[in-house]
1. Within region 106-148, which residues are within 16 Å of ARG26 (Cα to Cα), among the hydrophobic types (A, V, I, L, M, F, W, C) and surrounded by fewer than 23 Cβ atoms within 10 Å (Cβ to Cβ)?
2. Evaluate region 170-187: report whether one residue or more is assigned to a helix (DSSP H, G or I) and of a type in the set (Asp, Glu).
3. Out of all the residues in region 127-164, which are among the basic types (Lys, Arg), part of a helix (DSSP H, G or I) and either in contact with a Cys (Cβ under 9 Å, 6 or more places away or on another chain) or closer than 30 Å to GLY230 by Cα (or both)?
4. For region 32-56: of the residues being of a type in the set (Val, Ile, Thr) and within 30 Å of GLU262 (Cα to Cα), which is surrounded by the most Cβ atoms within 10 Å (Cβ to Cβ)?
5. Going through region 60-101 one residue at a time, which ones are among the hydroxyl-bearing types (Ser, Thr, Tyr) and over 21 Å from LEU170 (Cα atoms)?
6. Only one residue in ASP11, ASP85 is free of Cβ contacts under 8 Å to residues at least 60 places away in the same chain and outside any helix (DSSP H, G or I), so which one is that?
7. Does region 86-99 contain at least one residue that is modelled with pLDDT of 95 or more and surrounded by fewer than 17 Cβ atoms within 10 Å (Cβ to Cβ)?
Amino acid sequence: MRGSDLIGPEDLLKLEPEEADQLLDRLEARVPVHPALDHIPLGVLTEATVFGDTHGDWRCTLAAAGEFLEQPERRAFIGLGDYIDRPPLDCGQGSVANALYLLQVAAAFPDRVFLVQGNHETHRRIAILPHSLPEEVDQLWGPVESRYVRILHLLERGPLAVTTGSGAYLSHGGFPLEPGPEPFPTEFRSIDDARLAEIVWGETSVGRSHRGFVQPYDEPALERFLARSGTRLVLRGHDPDLTGRPIFHARCLTLHTCRIYERFGGVIVAHLPLDRTVSSSLDLRVDHLETEGKAFEPVD
């Protein structure tokens, strides 16, 4: 599968059941299985386009992917999780289209696309509501549970977190609050539900969203984690009210890339250097996407 072979989201929503099964066959053969903690070495690529929660808003995903696809030979494309559930009304069964489009990009560029899992992708381990993906699959192709399961299994191939040689740590929510029985990073290898929750449900002490799954982390906890992991910056999603707002002396930045949460901080992506070290979020460029503030005609 090449970049030129990608089926666009609107066409994905028009696939017949047999065509959807054939696409899933191709994706299962080509989407890589990442380690729980993946790593991008310094200097192999020049920068990463990093996008936050998209929640089925494939129109914003297309805008973010477009930046990566302009020069995929020198860039990485990193998602921070929550690609499914809560799609905007003008995206149809947006969770399905968004997930399948992103999985195609991952299949086309397996060494430079990293679809970090969020709490919505880890639904089989820690259940979440709302979870509209199965209903959306049924609406498109009938009540055949295997198609929903296959999509979710493909999303589970993504890492739980990514580190970069330039000094960044990227996950959906947070990080292990205390060292595991093995030194970092092998503590991700055999992860229990409590540690998983710290990563995909992790919240900061300054955000307004305290869902109660894990203890929120403050700046001293962040600094301890950065010291033991050898990183200097955390990029995350999960908490809309922190979108685009650097916290903890600019050592932590939250991204959201969907219109359902744009009222908090816009629809943004970050450009993370991979060919030089970064010390804080001030070393990144943050862009607002052209989809921000726009509504579109519903798909047929």
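The values are calculated or read from the model by the stated rules, or taken from the named source; none is laboratory data. Keep in mind that what you see is a predicted model, and the values were worked out from it rather than measured. Neighbour counts run over all protein chains shown; Cβ positions are idealised from the backbone, glycine included.
1. As a first pass, look at region 106-148 and keep what is within 16 Å of ARG26 (Cα to Cα): 106-110, 146-148.
Filter once more, so that each one left must be among the hydrophobic types (A, V, I, L, M, F, W, C): 106-109.
ALA107, ALA108, PHE109, listed by residue number.
2. First pass over region 170-187, keeping only residues assigned to a helix (DSSP H, G or I): 186-187.
If we keep only those that are of a type in the set (Asp, Glu) as well, we get 187.
Yes; the residues of region 170-187 include at least one that is assigned to a helix (DSSP H, G or I) and of a type in the set (Asp, Glu).
3. Within region 127-164, the first condition is being among the basic types (Lys, Arg), and the residues that meet it are 147, 150, 157.
Among the residues that remain, those that are also part of a helix (DSSP H, G or I) are: 147, 150.
Result: no residue meets the conditions.
4. So in region 32-56, the residues of a type in the set (Val, Ile, Thr) come out as 33, 40, 44, 46, 49-50, 54.
Those still in the list that are within 30 Å of GLU262 (Cα to Cα) too: 40, 46, 49-50, 54.
Numbers: ILE40: 22, THR46: 15, THR49: 23, VAL50: 29, THR54: 34.
Taking the candidates together, the pick is THR54.
5. From region 60-101, those among the hydroxyl-bearing types (Ser, Thr, Tyr) are 61, 83, 95, 101; that's our starting set.
Scanning region 60-101 gives SER95, TYR101.
6. On the way: ASP11 fails: outside any helix (DSSP H, G or I).
The conditions single out ASP85.
7. Yes.
Okay, residues lined up against (1) of a type outside the set (D, E, K, R); (2) more than 12 Å from the chain's Cα centre (by Cα); (3) under 20 Å from ALA36 (Cβ atoms):
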| residue | (1), (2), (3) |
| --- | --- |
| ARG75 | no, yes, no |
| PHE114 | yes, no, yes |
| GLU121 | no, no, yes |
| ARG124 | no, yes, yes |
| LEU154 | yes, yes, yes |
